[in-house]
Structures are given as structure tokens and as C-alpha cells.
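A.B. asks: Got a structure for you, questions after.
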Amino acid sequence: MVDQVLDEPGAPLTSALLASIDTDAFDLAPVSLLLEDYSALKTFFGDLRAQGVTSLADYFAEDSARISACAALLHVIKVNQCTLDLYEAKGFHELIGNLDRIFGTDSLAVHATELVALWDGHARFASRTVNYTLTGRRLDVEITGILLPGYEDSFGRVLVAVQDVTEREQSRRLLLESERYARGLFAFSPVSLWVEDFSAIRRLLADVRQRGIVDFPVFLDVHNEFIHRCISEIRVLDVNDYTLRLFRAPDRQTLLENTRDIFRDKMERPFAEQLKHLWDGNLFHQLEVVNYSLTGEEIYLHLQFSVMPGHEDDWGMVLIALTDITARKKAEAYLEFLGKHDELTKLYNRSFHVEEINRLERRGQYPISIIMVDLNGLKEVNDEWGHQAGDALLRRAGEVLNKAAAEPYFACRIGGDEFAILMPKADEAAAHTLMMQIEELFAINNQFYTTPLRAAMGCATAREGMRLEQAIRIADQAMYDAKQTYYSTTPDDAVSERSRRPR
């Protein structure tokens, strides 16, 4: 696996974990956590700046041994049991005494990017790399670190979470190997070839750069019309015969006169990724795109883009090879559904929940309301009738929440009996209305079962300038208060009655 820094944090650093690092919750957390002291690194940064160093990345590039020297300044204060289990260490001292075996030299480049993030003033960093257990087993991991509140100036406390993604990465490597084999087969078969002129697109990118735009991905998010403009500036010079068959064109002239019918709709997002590659100077790249045949069918394609020799400065002639992967993409779409959804309830899963929170905060679709839901009585049902009955109750909850939280809202199962509903562009009134609708749907559902479906709910709304994590904490507390009220006002015999065996 090629080590890389992630665009978005991948490990679940929840507010609850941050608030409880000095309690038993730290040790019992189901994710690997390390509490570290970076204060010596902070002091060293100050010394470097005093010496005139302005770029830590350049400083490391001059001598890679400097990365190890900086890493040696980091002090691990404590780790939780999950960390010891992950790295197969018997105790804290055995783990700390063998860090060189865990990290190895191949993770130094990624570690350098984490240090550079701190040097540049970021309060958190995220990366994907390779570690090893003390028995030598390879671990593909995603690492997220955050400067704890109050330690931004001293770096005295940094909480680091390590997520084991080995199985996922092994599957990805197997898929890549399969794709390489498939590309080898395609090499002996006809592929769709296009010769195009991207010179107008090059001028548009140059104009944007001259306007002082630095963060091009954000620019594309805000200016969707720029993507459309670039698509309209694609000039097709020639195509091969296989392209005519693939795109259902009777002849070359007909295809060239109807490229707007081919380059549209779902092409926009992958084309935006292609523009990012070109912005970064990647004149040869590969990605997956969607085009349309002249008879209207979606065609999923593996695209290989290369500026032809002699045209590196003007992009006046580029070669594009397209391989039809429609069948594979349909299979991947199903696998992607499984990757984002909880198998039992069919709701979105916790991973999607975390990603959606990050996306909503980036796009700022305020007000954003959050409803936290926790089933009442699931433990009693599991204890008395077994987990099969409990699973049936969870499936019923999933049916209700899925029906209530239609798009643009998202209902997610984030724990055993815990659910969250994300409501972009929805205020407090909308959240309370949805909670009442859920209660009504619970009542309707309960008419068909002996075991009643009940839940405690709480909501909160984040407005401009408020972090969603804070709104989640408020909603979670409101849900907890509702649960406490429910159990304190429900007689013991009624609690027992709730767990009657379903028909």
C-alpha cells in the first residue's frame, strides 16, 4: 500500500472520548487510543524557527534522518487496552520499548506529513500508513491525532486514535490485482480511443490561478458553473471505430456533432476530479467516469488520460483511452451500498454518519438539526428472549426510521441500539415535527406486534458558527434525559411487560 495523508479524518475521535481520557472510558474505548506529550517537539519547532527554518517539509527533504529525530521527541503517556491488543503487546512498557518494530522506516514519510501539519498550525492530522504488531504481522492503519483543548500552544497533550483497516486494504489490493489482470486482457482487445484538444481548458485553469485561487477543490465546490464551462470547451479531434460502436454512433461526424449528449450529467463529478489532476500538474492520470451513448444509456468507463509528447505546454493534443467497465460498476454499486449501510436495519452505518457530519460542516448547510434515538427495553428483550428477538426489534426500528427520515435527511445506526438522524437545512421546529412523526409511526408499528417498540429521543440544532459535535452532545443529553424520565416513571412490572415475546 502506498502511504498517504487522508483528506478527512478517518478514526472516530468522538467528543465523549475527548472528554473522558482520564477515566476508565479511555481504557475501555473500542478503538486504539494513545495519549501523548508533544511539548518537546513544540520547543524544537521554536528552535527551528529561530534558526530561520520556514518550511518543515523542506527541512525534512534535506535529510530524512531529521524525521526520526523529531519522532524521538514525542512521549507516549498512556495507551488503552485496545492499543495493546492491536499491537499484540503484553503491557505498556513492552509496547513503548518496541516502537521501532511497530512503526518501521516505511512509515517515516507519512509521519513527516503529520509533523508538517502541526508545524503549519493545524490542530489535528490524519494519515494512512503501515504498522506492525510485535509478532511481525502487518497492519494497515488510519491514524487521527488532535491537540486537546487547552494544549494548542504547548502541544502538551495529543490524543491519537489508530484504526485497523487491514482487511479493507487487503480487499482493495486484491481488487487492484484483479484490475491489473483485466487491463492486461484489454490490451489485446479493442478500446475506445479519443484524440482531444484541451488547450482552452488549460487557459481557463491559468485564468483561475492568476486570480489568486489557491484551494482549487473548494473553488470547484463553490463554482459548479466552472466545471460546465470546461466540459463545453472539450474539442474532440478524432475517435476510433470501436468508439463508434461503444457509443452507438452511425458515423464519426454524427458522434462529433453530438458530444454534448455524451458529456453530461454524471460526468460532472469525475470530470471535476480530472480538473484537479490537471491543476496539480498530473498530465497522465487514470480515473473512472460516466459517459452516455447517443441512444441514452449510461456507460461506466475506466479512463486513461495523457498529454501527447510535444504538447505538454499547450495541451493541444491529448490521448484518452476508455475501457467499458459498466458491469463491474454495477457490482461495485451494490458493494458500496453494503459498505455504507447497516446490514440488520438497512439504515446508514456509523462510518457514513461520521463522513456525513464532515461533509455537512464543509458545505455549511445550516441550520442542521440532529435527532438522537435510543431504543428502550432492548436489553430486556435480549436477556429474556435472546438476540434473535432483539434483532427483530432493531429491524422494526430501522423500518420506521427509514420511512420517517427520507432524503434529504439521513437515518444512521451508530451503535447497538443507538440511532442518529441528520437533518440538513432543518430548524428546531422541523426536528420536533419529525420526532412526533416517528412516535406516530412507532404506534402504528406496535399495532402489529406484541412487543412494543419504544425509544428515547432528543434533538438539537446547529446554526452558523456552531460545531455539529456540540449539537450532537446536546441532542444526546436530551435523549439521555428522556430515557431517565422514561425509566423513572415506568413501573417495574410495565418494564417487564415491554419484553413480552413477539408473535
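The values are calculated or read from the model by the stated rules, or taken from the named source; none is laboratory data. Values in this document were obtained by computation on a predicted structure and should not be read as measured data. When we count neighbours, we look across all protein chains shown, and the Cβ atoms used for this are built from the backbone with ideal geometry, even at glycine. Remember, those area values only see protein heavy atoms, side chains included, never the ligands or the DNA or RNA. Shrake-Rupley method; radii C 1.70, N 1.55, O 1.52, S 1.80 Å.
A.B. asks: Just checking, how many residues over the stretch 325-354 are charged (D, E, K, R), open to solvent by less than 50 Å² (accessible area, probe 1.4 Å) and in contact with a Lys or Arg (Cβ under 8 Å, 6 or more places away or on another chain)?
C.D. replies: 1
A.B. asks: Could you tell me whether the stretch 10-17 includes any residue that is polar (S, T, N, Q) and either in a helix (DSSP H, G or I) or at pLDDT 95 or above (or both)?
C.D. replies: Within the stretch 10-17, one or more residues are polar (S, T, N, Q) and either in a helix (DSSP H, G or I) or at pLDDT 95 or above (or both).
A.B. asks: State which residue pairs qualify: first residue open to solvent by 30 Å² or more (accessible area, probe 1.4 Å) and inside the stretch 400-417, second residue basic (Lys, Arg) in any location, beta carbons under 7 Å apart, and separation of 6 or more residues or different chains.
C.D. replies: Matching pairs, first to second residue: ASN402/LYS346.
A.B. asks: A follow-up question, please. Taking LEU335 and the conditions (1) outside any helix (DSSP H, G or I); (2) over 12 Å from SER192 (Cβ atoms), which numbered condition does it fall short on, given that it satisfies the others?
C.D. replies: That leaves (1) as the condition not met.
A.B. asks: Return the residues of the stretch 322-338 that are under 20 Å from GLN286 (Cα atoms) and of a type in the set (Asp, Glu); say none if nothing qualifies.
C.D. replies: ASP324, GLU332
A.B. asks: With in contact with a Ser or Thr (Cβ under 9 Å, 6 or more places away or on another chain) and closer than 23 Å to GLU152 by Cβ as the only criterion, which of PHE125, PHE103 stands out?
C.D. replies: Checking each option against the conditions leaves just PHE125.
A.B. asks: Which is basic (Lys, Arg) and in contact (Cβ under 8 Å) with a residue 24 or more places away in the chain, of ARG128, ARG66?
C.D. replies: ARG128
A.B. asks: I'd like to check something: does the stretch 274-285 contain any residue that is among the basic types (Lys, Arg) and open to solvent by 70 Å² or more (accessible area, probe 1.4 Å)?
C.D. replies: So far as the stretch 274-285 goes, no, none of its residues is among the basic types (Lys, Arg) and open to solvent by 70 Å² or more (accessible area, probe 1.4 Å).
A.B. asks: Within the stretch 299-307, does at least one residue satisfy the condition of being surrounded by fewer than 18 Cβ atoms within 10 Å (Cβ to Cβ) and touching a strand residue (DSSP E or B) at 6+ places or on another chain (Cβ under 8 Å)?
C.D. replies: Within the stretch 299-307, one or more residues are surrounded by fewer than 18 Cβ atoms within 10 Å (Cβ to Cβ) and touching a strand residue (DSSP E or B) at 6+ places or on another chain (Cβ under 8 Å).
A.B. asks: Can you confirm whether the stretch 163-180 contains a residue that is part of a loop (DSSP other than H, G, I, E, B) and among the polar types (S, T, N, Q)?
C.D. replies: No, every residue in the stretch 163-180 fails to be part of a loop (DSSP other than H, G, I, E, B) and among the polar types (S, T, N, Q).
A.B. asks: Then there's this: Scanning the stretch 198-223 for residues that are part of a loop (DSSP other than H, G, I, E, B) and of a type in the set (A, V, I, L, M, F, W, C), which turns out surrounded by the fewest Cβ atoms within 10 Å (Cβ to Cβ)?
C.D. replies: Among those residues, the one meeting the criterion is VAL214.
A.B. asks: Looking at LEU86, LEU41, can you tell me which residue is farther than 16 Å from ASP140 by Cα, at pLDDT below 95 and open to solvent by less than 40 Å² (accessible area, probe 1.4 Å)?
C.D. replies: LEU41
A.B. asks: Here is a further query. With the checklist (1) under 26 Å from PHE448 (Cα atoms); (2) part of a helix (DSSP H, G or I) in hand, flag the one item ALA429 doesn't pass.
C.D. replies: Here ALA429 meets the rest and fails (1).
A.B. asks: If you don't mind, another one. What tally of residues in the stretch 236-271 results from selecting those that are part of a helix (DSSP H, G or I), out of contact with any Cys (no Cβ under 9 Å at 6 or more places or on another chain), among the hydrophobic types (A, V, I, L, M, F, W, C) and open to solvent by less than 20 Å² (accessible area, probe 1.4 Å)?
C.D. replies: Matching residues across the stretch 236-271 total 4.
A.B. asks: If you don't mind, another one. Select from the stretch 448-503 the residues that are open to solvent by 40 Å² or more (accessible area, probe 1.4 Å), modelled with pLDDT under 90, more than 30 Å from ILE357 (Cβ to Cβ) and not charged (D, E, K, R) and list them in ascending order.
C.D. replies: SER488, THR489, PRO491, SER496, PRO502
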